[in-house]
Each structure stands twice: as C-alpha cells, then as structure tokens.
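The values are calculated or read from the model by the stated rules, or taken from the named source; none is laboratory data. Quick caveat: nothing in here was measured; it's all calculated off a predicted structure. Here the Cβ is made from the backbone with ideal geometry for all residues, glycine too, and neighbour counts use every protein chain on show. Note: accessible area is taken over every heavy atom of the protein model, side chains too, but ligands, DNA and RNA are not part of it. Shrake-Rupley method; radii C 1.70, N 1.55, O 1.52, S 1.80 Å.
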Amino acid sequence: MRALPVGEDALLVEVASGEDVQALHAELLRRRAEGSLTVREIVPAARTVLLDGLADPARWTAELTSATVPPAPPRTGEVIELPVRYDGPDLADVAAHWGVSAQEVARIHAATEFRVAFCGFAPGFGYLTGLPPRYDVPRRATPRTAVPAGSVALAGPYTGVYPRASPGGWQLIGSTRAVLWDPARVPAALLTPGTRVRFVPVDRAGAA
C-alpha cells in the first residue's frame, strides 16, 4: 500500500488489486462511521482509493501504510434489480468468445450477483464486478461513436450500463430502461460503490 499526497488535504492510496480496494474502502467507511476518521470524500477506483478533505494527511499517510486492513465484509443491503433485454449487437461475439450460445450468455450473466466496485467515465456509470475471470472479454477493436443510453455492456472483468448516449468500446449484450442518473434523485446515481446488483431478463414487451 502506498499513499501519495494530492494537494493540501487529500491522499491517493494505491493498492495491489480490486479486492484490496474493496477491503480498504469498507475499512475507511467503517472508521468514518465510528468517528475515528474525518474526511469529506472516500472515492474508490480500480486500484486506488482517494481520501479528500483530510484534516491531517501526514498522519494518515503513516497510519494507512502501516495498517493491516481486514477483508471486506460479506455483501449486505438491498439488491437493485435491473430489467434487461439480452439483445445487444455484440451478444453473438461474446457468446463465441465464451464458447457458449447467446442464450447461455444471458443465463450466466443474469445468474450472477454483481457489486459496484467503483464509478467513473460518466455520471452514473458503475463498474460492476462478479463474473469469474474466465468470462473476461476484450473491448471492441473499433469503438462506436455512439452507444445508446441503457446499453448493458462488458469489457475486461467489468459489466457496465451506459447512463446516457456516448461513444464507447465495450461489448454490448443488452439494454435496460432503468434510469442510471437523475439529478432530481437523492442520490442522483442509482448505482454507487458497494451496491449489489442483479440483471433480470425481460422480453421486448418488458415482461420478466
């Protein structure tokens, strides 16, 4: 673990893996909840956690780099269900990469409980983990200039849902009508770090 100063009151903590990020994020949230850590924001990413608004960054640099962080606790809390039509233009390519049928891709994906590891790219876009490593897929060789909002997509170890139309190079396997980002909602993002997520297959009429 390495802690790097960011400005006057923030630290960027580097760790070795996504699992280490989850464990550190959970531990920092626990410390903030019990009052032993005062910080404005705790922001996980793929291999880092940003602590913004620390009163004493130097103290926490020493403490974090010498700390033993316990594993992340078991997942708890509400599971958000996202209805999805498995009809994406890259579904056949993903099926070929996995060595299964398109129907089996949908079955495997829908049978998995995902967790939002971190957010980024666009407001409301969560990077979801949960699929075993054998189901990693490469990004498209040529990104699309426009991906429709609600597209359910795979890239590397992650599943994501595009909250709005944008360019993108992920493999599109389906679509959902769920609203991922709504400024009038609190919180605005439907998917926040740590959220448990399941995808529920529906037909074109919207029936499960």
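On inspection, GLY88 passes the criterion of being open to solvent by less than 20 Å² (accessible area, probe 1.4 Å), touching a residue at least 60 places away in the same chain (Cβ under 8 Å), of a type outside the set (A, V, I, L, M) and part of a loop (DSSP other than H, G, I, E, B). Cβ-Cβ distances below 6 Å connect the following pairs, each with a first residue in the stretch 46-64 that is over 11 Å from LEU12 (Cα atoms), a second residue that is assigned to a helix (DSSP H, G or I), and a separation of six or more residues or different chains: LEU54/TRP60.
Each residue in the stretch 32-45 was checked for being of a type outside the set (S, T, N, Q), in contact (Cβ under 8 Å) with a residue 12 or more places away in the chain and exposed (fewer than 15 other Cβ atoms within 10 Å of the Cβ), and 2 pass. Suppose the filter is under 20 Å from the mean Cα position of the chain (by Cα), farther than 28 Å from TRP181 by Cβ and charged (D, E, K, R); does GLU14 pass it? Yes.
Among the residues making up the stretch 186-208, those that are part of a strand (DSSP E or B) and either among the hydrophobic types (A, V, I, L, M, F, W, C) or on the phi > 0 side of the Ramachandran plot (or both) are ALA189, VAL197, PHE199, VAL200.
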